[in-house]
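A short reminder: the numbers here are calculations on the coordinates, not readings from a lab. As the structure is a prediction and not an experimental result, all values here were calculated from the model. Cβ placement follows ideal geometry from the backbone for every residue including glycine, while neighbour counts extend to all protein chains displayed.
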Amino acid sequence: MRAFVIFAGLALIVAMAFTVVSFSAAPAPEPAAAAPDTETLQQRLKRLPADYRGWAQLAVQYVDQARVTGDPSYYNKAEGALDTAAKLKPGDDTVLTGQAALAAGRHEFSDAARLAERALDANPYSAAALGVLADAKTQLGDLRAAQRAVDGMLDLRPGVAAFARASYAAELRGDAAKAREYLELAHDDAWAPADLAYARYYLGELALHSGDLDTAAGWYAKALQAYPAYTPALAGQARAAALDGRPTEALDLYDTVVERLPLPQYLIEQGETRLKAGRPADWTLLKAQRKLFQTAGVRDDLTWAEFEADHGDPERAVRYATAEYELHPNLVSADALAWSLFKAGRPAEALPYAEKATATGWRNPLLSYHRARIEQALGRPVRVDPGFDPTLSALARFS
């Protein structure tokens with residue numbers, strides 16, 4: 001799942017940024033050195049402390065920094081800036097949209113949807129609020145409401161953010177051709193290096209998960225040509241190398257990836273690739289990141305459900321997955337609960353959730369593999385894809 005640019009010039013992480021199906025927003029460009037007469041946003045706020053939109057913009061920058069650096073402490077800074085903005089101008093649509101994006105970054109999707117809807121009540125023409133609403137509704141499993149929000153964005157402001165969301169909506173309903181078409185529209189509309197990298201990266205992801213590793217690698221390389229600092233594309237190259245049977249090359253790439261951006265998704269991918277290469281996995285940093293996220297108020301039961309199911313305690317995985325599904329009954333949490341129940345030896349309980357996870361026709365190789373294994377355990381005559389490598393399951397998750 002994906003995060004999108006929803007304020008002009010600023011990338012927001014909206015929804016599941018640190019999960020295995022996390023959104024990956026187009027990167028904000030590195031700030032250029034300020035000219036002597038250029039006023040920074042923080043300097044402006046010192047001079048004009050009543051600028052509520054400035055405070056909201058600063059909060060957006062902090063949310064973006066949480067994604068760019070992998071440091072969730074920026075969420076607390078964003079919360080402080082938004083509190084100031086809300087005191088100055090309660091009910092402003094820009095402030096409410098910023099609050100919605102922060103809630104989504106912390107995986108509080110019900111709050112994110114509620115705040116985005118309030119922002120739309122204040123300003124029905126806010127494409128930014130529609131973007132957050134689409135993301136939140138997707139995570140809450142309400143794909144019809146998410147599609148309505150996406151359609152609203154396409155009507156109001158067709159562009160990279162709207163086309164990318166439309167692509168993901170098409171992907172979830174199993175229309176890979178339409179998903180690719182929307183991403184191509186996003187690519188054609190992009191002019192900033194960051195947006196080009198974003199579109200090219202997700203074109204690579206579509207190819208990767210269809211099994212076309214050469215095309216995927218080509219798109220990742222083009223993404224890095226457009227924006228060399230775009231870490232997701234480097235992670236894509238690592239995935240392609242690992243899935244192509246080149247674990248040593250993949251691990252060299254992962255070393256750079258996790259040094260730049262030590263997100264749980266990348267740390268788990270690195271650990272699985274180490275195991276594939278016959279080396280021990282070290283989950284120390286992964287567990288340290290978990291504590292950081294918890295301290296910053298980020299709840300991520302999904303990541304830990306999937307990690308425990310594949311690499312830890314299946315019963316603990318069931319507890320995490322149940323908690324996640326109760327809050328966010330979407331396709332991915334249904335799959336996580338199904339797989340956790342299966343690994344805990346309860347395939348009959350797992351099957352209804354596996355069926356829900358695959359009900360829309362989403363062509364996700366990991367979900368298909370999980371359902372096939374569950375049905376196989378129940379004695380059903382199903383075919384398990386022989387080309388799927390379950391030892392590299394994290395690499396098959398959409399990022």
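Observations on the structure shown:
- Residues located in region 333-355, provided they are part of a helix (DSSP H, G or I) and among the aliphatic types (A, V, I, L, M): 334, 336, 337, 338, 341, 348, 350, 351, 354
- Applying the condition of being under 19 Å from the mean Cα position of the chain (by Cα) and more than 18 Å from residue 396 (Cα to Cα) to region 260-288 and asking which residue is surrounded by the fewest Cβ atoms within 10 Å (Cβ to Cβ) yields 260.
- Out of 249, 269, sole residue that is touching a residue at least 12 places away in the same chain (Cβ under 8 Å) and either in a helix (DSSP H, G or I) or of a type in the set (Val, Ile, Thr) (or both): 269
- Residue, surrounded by the fewest Cβ atoms within 10 Å (Cβ to Cβ), within region 289-312, restricted to residues that are closer than 18 Å to residue 370 by Cβ and free of Cβ contacts under 8 Å to residues at least 60 places away in the same chain: 312
- Leading residue by the ranking (surrounded by the most Cβ atoms within 10 Å (Cβ to Cβ)) among those in region 194-232 that are free of Cβ contacts under 8 Å to residues at least 12 places away in the same chain and part of a helix (DSSP H, G or I): 215
- Boolean, residue 391 is at negative phi, buried (at least 17 other Cβ atoms within 10 Å of the Cβ) and among the polar types (S, T, N, Q): no
- Within region 243-256, one or more residues are in contact with a helix residue (DSSP H, G or I) (Cβ under 9 Å, 6 or more places away or on another chain) and under 18 Å from residue 310 (Cα atoms).
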